[in-house]
Amino acid sequence: MVPDFLTIAEAGALIAKRDLSPVELTQSRLARIERLDGQLHSFIRVLGDQALAAAREAEAEIMAGRWRGPLHGIPIGLKDIYETKRVPTTGHSKVMIDHVPQADATSVRRLTEAGAIMLGKLATHEFAFGGPSFDLPWPPARNPWDTTRFTGGSSSGTGAAVAAGLVQDCAILLQAMAGHDPADPASADRPVPDYRASLAREAKGLRIGLIRHFYETDNQANEATRQGIASAVKVFEDLGCSVRELRVSPLADWAACGIVIMLSEAYAIHEVTLRERFVDYGEAFRDRMALAALITGADYVQAMRLRRELMTELAKAMTDLDLVITAAAPSEAPTFDAVSKFAIFERPSLTMPFNVTGSPAMSVCCGYTEAGLPLAFQLVGKPFDEPTVLKAAHAYEHATSWRAIRPRAPLP
């Protein structure tokens, strides 16, 4: 019997040694989806027959000695904003419900070339623009730690699936996807590091800045989150890292900059369709976009100027640092009825600063509430320094027991 919470690294090693069949692994994941996803709604489309056919092909290649690497024969789910050849890509929206791409997105193509098997498409908030929404073609994904609660972020189905053990593991996936995309003029053309190799390096000696004011005054976190971060700082110090407090511009400045840019660019994409099919969008999305229509060109230009200033500020603040730590969210996941459609405007997002700067950032579990709900902090690195972020997160996970805890009730 295949364990429910087998990681990609573990499964990949077993497949490489031919101790685990990609077909058996895929069948076990499909069975788990069938058993749990009626409660979680993390998948909007499961591609069972296609996945099993790909698994049989992967198994034949591996048996013939043509193993492609640690993703070969590994089943994964893809968020439904990633274009997938001949498989509908909807953005979880009625507006795109009939959209069937004729080519894979670059990231999808690279994962497939690495041997990954697509199990299906995962739920998102409408066009990955916040939720939850209950007036879309599919229900919102639910939190496997407590199905009355929000999953957070745009990657709602992805988050639910990972927590419930339906997909896994960052460094291996990033290794397959990273690299220059000639079709994208904004894509950086630089060598791709060995992300997995970075995990084996010690965290000792890392210099870390703690942005405490983001979650103590700017968007006040609850006591459990503050204690969790304080404990995480102690773990890093015990690992031989130095941690000092760091102050930057107030969180509201970063949030205002990011929201104006995000709304403006989203509105530019959707303007024509909004004029023609306004009511085909969900209420939350269309009402946010109605606000976006009021942003002027001057507002956008000023936000882009501020973005450059904030990027420079963070770069200077991190001159003699390797990483930054701050909260990822002010509390545990809220219940669905506690999240309004304008939630992104009500309190400044703790993750927005690093969207503004484009910094590599990772959310890491740092404990649980008395009710058993996970809490998290963010690790943030310098541009293109994902290896250091991954190294620090890996060292922290191995120094603590949090990662071994998985969702229990109400899941069987």
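The values are calculated or read from the model by the stated rules, or taken from the named source; none is laboratory data. What you see is a predicted model; the values in this text were computed from it and never measured. When we count neighbours, we look across all protein chains shown, and the Cβ atoms used for this are built from the backbone with ideal geometry, even at glycine. Just so you know, the surface numbers come from the protein's heavy atoms only, side chains and all, with ligands and any DNA or RNA stripped out. Shrake-Rupley method; radii C 1.70, N 1.55, O 1.52, S 1.80 Å.
Give me the dipole magnitude in Debye, nearest 20, for the chain about the Cα centre, with unit charges on the beta carbon: positive for Lys and Arg, negative for Asp and Glu. Spell out each step's value before the answer.
Numbers: 43 positive and 49 negative charges, 93 e Å.
The calculated dipole for the chain is roughly 440 debye.
Spin-label point model (7 Å from Cα, Cβ direction): what's the residue 13 to residue 308 distance in nm?
Here the modelled spin labels are 4.9 nm apart.
How compact is region 8-177 by the rule of thumb for globular proteins, expressed as Cα Rg over 2.2 N^0.38 Å? Before the final figure, lay out each step's value.
Values: Rg = 15.6 Å, N = 170, 2.2 N^0.38 = 15.5 Å.
This ratio for region 8-177 stands at 1.01.
Taking the simple approach of a point 7 Å from Cα along Cα-to-Cβ for both residue 295 and residue 192, what is their distance in nm?
That separation, rounded to one decimal, is 3.2 nm.
Take the solvent-accessible surface of the protein heavy atoms, probe 1.4 Å, and return the percent of it on the chain that carbon and sulfur atoms account for. Intermediate results must be reported in sequence, preceding the final value.
On the way: 10220 of 19130 Å².
Solvent-exposed carbon and sulfur of the chain make up 53 percent of the total.
What longest region of the chain stays clear of chymotrypsin sites (Phe, Trp or Tyr not before Pro) that DSSP places outside H, G, I, E and B and that have at most 13 other Cβ atoms within 10 Å? Walk me through the intermediate numbers first.
On the way: sites that count: 5, 134, 342.
In the chain, the maximal stretch lacking such sites is 135-341.
Using a Gaussian network model on the chain with a 10 Å cutoff between Cα atoms, which of 186, 128, 197 fluctuates the most?
Highest fluctuation among the options: 186.
Rolling a 1.4 Å sphere over the protein heavy atoms, what is the accessible area per residue of the chain, to the nearest Å²? Let's see the in-between values first.
Values: 19130 Å² over 412 residues.
Value returned for the chain: 46 Å² of accessible area per residue.
Per the Debye formula with a single identical scatterer at each Cα and no solvent contribution, what log10 I(q)/I(0) holds for the chain at q = 0.06 Å⁻¹?
-0.24
Tell me the Kirkwood hydrodynamic radius of region 199-404 in angstroms, computed as one over the mean inverse distance between distinct C-alpha pairs.
Details: mean 1/r = 0.0544 Å⁻¹.
Its Kirkwood hydrodynamic radius stands at 18.4 Å.
Measuring from centroid to centroid over Cα atoms, what is the spacing of region 343-359 and region 38-56 in Å?
33
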